[in-house]
1. Under the definition of Cα pairs under 8 Å and six or more residues apart, what whole-number percent is the relative contact order of region 90-185?
2. Classify region 1-130: rounded, prolate or oblate, from the alpha-carbon gyration tensor (a ≥ b ≥ c, eigenvalue square roots; a/c under 1.5 rounded; otherwise prolate if a/b is larger than b/c)?
3. With charges only on Cβ, +1 for K and R and -1 for D and E, what is the dipole size of the chain about its Cα centre, in debye, rounded to 20?
4. Relative contact order of region 130-283, please, whole-number percent, based on alpha carbon pairs below 8 angstrom and at least 6 residues apart.
5. Take peptides 112-124, 19-31 and line them up by average Cβ neighbours within 10 Å, highest first, as a rough protection proxy.
6. Rounded, prolate or oblate: pick one for region 8-60, where a ≥ b ≥ c are the square roots of the eigenvalues of its C-alpha gyration tensor, a/c under 1.5 means rounded, and failing that, prolate if a/b is larger than b/c, else oblate.
7. Provide the percentage of antiparallel DSSP beta bridges, counting only those with both residues in the chain; round to the nearest 5.
8. If packing is taken as the mean number of other Cβ atoms within 10 Å per residue, what is the order of 6-12, 158-164, 183-189, highest first?
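No lab work stands behind these numbers, since they all come straight from the coordinates. Because the structure is predicted, anything quoted here is derived from the model rather than measured. FYI the Cβ positions are ideal-geometry reconstructions off the backbone, even for glycines, and counts take in every protein chain you see.
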Amino acid sequence: MEHLIDIESLTKEDILNIINLAKEFKNGTKKSDVEKKTLALMFYENSTRTRCSFEIAGQKLGMNIINFDAQHSSLSKGESLKDTIENLYFLGVNAVVIRHSLSGIINNVMRLVKYPIKFVNGGDGTHAHPSQALLDFYTMLEKTGSVENKKITIVGDVAHSRVAKSNIALLSKFNADIHLCAPSYLQFENLKAFDVKYHQNVKEAVNNSDVVMVLRVQNERHEKEGYPESSEYKRLYEIDTNLLKEYASKDVILMHPGPANRNIEVSSELLDNTVGKTILEQAQNGVYVRMAILNTLLNKGKEV
């Protein structure tokens, strides 16, 4: 594991090593192997959880953190991302976390950079968000012990969701029973490419689910014209207490990568009760999982 770009590139052993290391960090039984190394956070899209989580993870590991400001950098003068990253390497940066609106840009830049800086994908377009899938998996294991044969239902804007794609890739490796639920205008274009069961009826999808993962409707990623109003989506697909109580498993786990649109894809009442607390625990677990990711990538026994 030289970089973290997507889930498909990871073996089951890679994934479990990260999960086990995250447990050690959370339990306080593991110390950092990467103190004084330097991490640059290069976020070209807005972010709260992912950016803060990586920053706190780096701080807990004793790393130096650079919050790269793209708008006020030499990129605004025409410098390429490749040249920017190579200069950061020579300034002493050991790893970069990049979030960008263009799918695949991190893979492309990584191939061009000639020096051994470590790349972490903090979310690229609609392609992948591997650290989110890893922290989601950690949270599921913490709550259920195993995802094997568990019914995990992902509800919402799967068409534009890098989180859905990364979770499907990861959960498939561990024999989860994966279901997707979305209206026709928010489903994957090539649904057959994914080994999942698809539903348009939310009650059918949620029925007997062990985990319900709700996704935000990403209005910024599609043209609003031609899409129904939020009230129509809410009427047909909102997850609320009554729906979970009537159809889901008795011990159902509610998850959301955030940010949540209250009273559109998920009710405020549900977010604020005990079932909704798991969403906050996801954010907390993200710090330890990202500590494990950074420690794994940068602890290679030599300077990068």
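1. 25 percent
2. It comes out prolate by the Cα gyration axes.
3. Here the chain has a charge dipole of around 740 debye.
4. Numbers: 251 pairs, mean separation 36.9, N = 154.
After rounding, I find 24 percent.
5. 112-124, 19-31
6. The shape class here is oblate.
7. Details: 1 of 34 bridges.
Once the DSSP bridges in the chain are tallied, antiparallel ones form about 5 percent.
8. On the way: 6-12: 16.6, 158-164: 23.7, 183-189: 14.6.
Top of the packing list down: 158-164, 6-12, 183-189.
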